[in-house]
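Here the structure comes first, spelled out in structure tokens, and everything after it is commentary.
The values are calculated or read from the model by the stated rules, or taken from the named source; none is laboratory data. Quick caveat, the model's predicted, so the values are computed rather than measured. Neighbour counts are summed over all protein chains in view; Cβ atoms, including those assigned to glycine, are modelled from backbone coordinates with ideal geometry. When the accessible area is computed, the model is the full protein with side chains, heavy atoms only, and any ligands, DNA or RNA have been set aside. Shrake-Rupley method; radii C 1.70, N 1.55, O 1.52, S 1.80 Å.
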Amino acid sequence: MTRLKQAARAKRNARARADKLVSAANSGFEAAVLEALNDGRKPGEIADATEHSYETIRRIARAHGIKPLREPTVTSRKRLERN
């Protein structure tokens with residue numbers, strides 16, 4: 001049973017190290033995206049340059065309080081009827 005426990009412990013430790021690396025990489029990526037957005041680059045340009053989706057870039061921007069560049073131009077009928 002000792003070998004089995006050692007293998008399980010090694011796997012948990014490796015997973016913890018991998019999670020830390022992924023977290024650090026995600027933080028670095030988000031910081032670079034935010035810097036690019038604050039420098040005036042458009043989300044589509046960033047998406048093309050990073051090979052991440054536009055939606056991913058948009059989510060990062062919204063999570064950090066960056067507003068859309070323009071208001072949406074299409075609205076639903078329900079929204080129009082409410083106003």
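Overview of results
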{"read-out": "Over the chain: helical MRE at 222 nm, DSSP H runs n ≥ 4 each giving -39500 (n - 2.57), nearest 500", "value": "-24000 deg cm²/dmol"}
{"read-out": "Whichever lysines have a C-alpha closer than 23 Å to that of LYS20, once near sequence neighbours (fewer than 8 apart) are set aside", "value": "LYS5, LYS11"}
{"read-out": "Relative compactness, the range 1-69, computed as alpha-carbon Rg over 2.2 N^0.38 Å", "value": "1.64"}
{"read-out": "Rounded tilt (10° steps) of 54-63 against the dominant C-alpha axis of the chain", "value": "90 degrees"}
{"read-out": "Accessible carbon and sulfur surface of the chain relative to its total accessible area, %, 1.4 Å", "value": "52 percent"}
{"read-out": "Accessible area in square angstrom per residue, the chain, 1.4 angstrom probe", "value": "89 Å²"}
{"read-out": "Neighbour-limited loop hits for GluC sites (Glu not before Pro), the range 12-83 (at most 10 other Cβ within 10 Å; DSSP other than H, G, I, E, B)", "value": "GLU51"}
